[in-house]
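So the structure is just underneath, and the comments pick up after that.
The values are calculated or read from the model by the stated rules, or taken from the named source; none is laboratory data. Computed from a predicted model, the values in this text were never measured in an experiment. All Cβ positions, glycine included, derive from the backbone under ideal geometry; neighbour counts span all protein chains shown.
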Amino acid sequence: MTDRRDFLKTISLMTGATLVSQELLSGSLSMLAPEQIACQQYTWYSYFLREGENWLEDAQVSFDAFIKSGLLGYEPSFTNPEEVMPLHTIMEKYKVWTKSMYVNSALHEPELVEQSMADILAIAKKAKQIGIEILVTNPTPIRWGGPENKTDEQLQTQALALNVLGKELKTMGLTLAYHNHDAEMRESAREFHHMLTGTESENVKLCLDAHWIYRGSGNSQVALFDIVAMYADRIVELHLRQSHNGIWSEVFDEGDIDYKRLAKVLKNKGISPQIVLEQAIEEGTPYTMNSVQAIGKSLINVMKVFN
């Protein structure tokens, strides 16, 4: 028997998909539709954690919420090839598509490179079977959250390995996209820039994570749009996150980053990257709605901005 709490939760879960449907039926969304936008796994992990839940601990609960938000596309994060097919089975059940995935890599020390590349290629081989086209990787820092910066030698080792990895993936029919967080933007963004100038453009593309670039450069849109101007032809994917006064917002909407400008710049250059919503929660993020409502509203706003 369903109690009042469960009933209210069920009703609230319907909000996201209903809002998207209303927007589509009203004709207010012109070109971009839900089947062109994916959502990163971290988004759901973050929002579920805020609600005291663990994403994918119960796959049915997780993907019920995912679908009710109005989303159809998902960008998973994998740590080993054994994770790929079980997730694919769930996604097939819910008719959720995927074109890209996120995988960490450890490429700055010679003794780490061989095993890390072997692990990534094993995941890629499996993922290719489920429709993955883009492999996004963020080479690990020396210590997550730490202040340490890589040496020039480590950056050269990492760029060389990244280029080789991209070349290997290319032979498999996959595209490697480099991703960064804020640490790579320290010291004149030397790590970020060398991962692109130190690799061949045909082997290593860019997943432009606009907010990490913005935050890592001291909350600078000047730096963000300079990077877009410099590396636009390498951009194959966007990770989208918004903030208000430097704090991640609950919903992707108008805020610190001018995403309308970014959409216009890319459109004028004839660049149509894979769009991935990655709104997330941090200390100070408002809590006024549940995950399905917040992500559903974020999806609608992404659809409007990138139309």
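Figures for the structure shown
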| item | result |
| --- | --- |
| Cβ pairs under 9 Å, 6+ apart, first in the range 294-307 and in contact (Cβ under 8 Å) with a residue 24 or more places away in the chain, second of a type in the set (D, E) and in a helix (DSSP H, G or I) | I300/E23; M303/E23; K304/E23 |
| Residues of the range 209-256 that turn out to be among the hydroxyl-bearing types (S, T, Y) and in contact with a Gly (Cβ under 7 Å, 6 or more places away or on another chain), as a count | 2 |
| Qualifying positions in the range 167-195 - within 19 Å of the chain's Cα centre (by Cα) and of a type in the set (G, A, S) | A177, A183 |
| Tabulated pairs, the range 236-255, first over 29 Å from G166 (Cα atoms) and part of a strand (DSSP E or B), second among the aliphatic types (A, V, I, L, M) and at pLDDT 95 or above, C-beta under 8 angstrom, 6+ apart or interchain | S243/I257; W248/A280; W248/I281 |
| Residue check, V276 touching a Cys at 6+ places or on another chain (Cβ under 8 Å) and either buried (at least 23 other Cβ atoms within 10 Å of the Cβ) or not in a helix (DSSP H, G or I) (or both) | yes |
| All helices (runs of 4 or more DSSP H) inside the range 1-94 with 1 or more residues being surrounded by 17 or more Cβ atoms within 10 Å (Cβ to Cβ) and either in contact with a His (Cβ under 9 Å, 6 or more places away or on another chain) or modelled with pLDDT of 55 or more (or both) | 15-26, 41-50, 59-68, 84-93 |
| Residue in the range 62-85 that is over 23 Å from G173 (Cβ atoms) and polar (S, T, N, Q) present | yes |
